[in-house]
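I have a structure I would like to understand better, so I am pasting it below and will then ask my questions one at a time.
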Amino acid sequence: SESKALFSVTGMTCSACAGSVEKAVKRLPGIKEAVVDVLNNRAQVTFYPAFVNEETIRETIEDVGFEASLIK
Ligand code: 9UX
């Protein structure tokens, strides 16, 4: 089954920032959907926990260059 994680992502200033976060997260195995909202500094990710977890997703967002923390 799938899980959802909501992250706070700070430092994104344009829609291209959001696009680069979405692209990086979607490249991970086990990601169903990633939606990044630059205006509200949020990333909502739907994933398959057999393949990936919240911390790997969070680190991937940080690797793109933004601070990310898990909200729920
Ligand atoms: Mo453009 Mo968003 O360089 O940081 S991708 S502002």
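Read the figures in this text as sums done on the coordinates, not as results from a lab. None of these values were measured; they are calculated from a predicted model. FYI the Cβ positions are ideal-geometry reconstructions off the backbone, even for glycines, and counts take in every protein chain you see.
P(r) of the chain in 10 Å steps, Cα pairs, percent per bin?
Per 10 Å bin, starting at zero, the Cα-Cα P(r) for the chain comes out as 23, 61, 15, 1 percent.
Round to the nearest 0.05 the FRET efficiency obtained for A24 and S1 when R0 = 30 Å and r is the Cβ-Cβ distance.
0.80
Then there is this: List the residues, sorted by chain then number, that are 5 or more residues from E33 or on another chain and whose placed amide H is less than 5 Å from its amide H.
Amide H to amide H, under 5 Å and 5 or more residues apart or across chains, E33 pairs with T46.
Of S20, T56, T46, which is farthest towards the positive pole of the chain's charge dipole, taken about the Cα centre with +1 and -1 on the beta-carbons of Lys, Arg and Asp, Glu respectively?
T46
Counting only helical runs of four or more DSSP H residues, what would the 222 nm mean residue ellipticity of the chain come to if each run contributes -39,500 (n - 2.57) and the total is spread over all its residues?
-10500 deg cm²/dmol
Under unit Cβ charges (Lys, Arg +1; Asp, Glu -1), what dipole magnitude, rounded to 20 debye, does the chain have relative to its Cα centre?
In total the dipole reaches around 200 debye.
Quickly work out the F51-to-S69 label distance, labels modelled 7 Å from Cα along the C-beta direction, and quote it in nm with one decimal.
Placing both labels 7 Å beyond Cα along the Cβ direction yields 3.0 nm.
Still on this structure, I have one more. With each label point set 7 Å from Cα along the Cα-Cβ vector, what nm distance links V35 and A16?
Those two pseudo-labels are separated by 2.5 nm.
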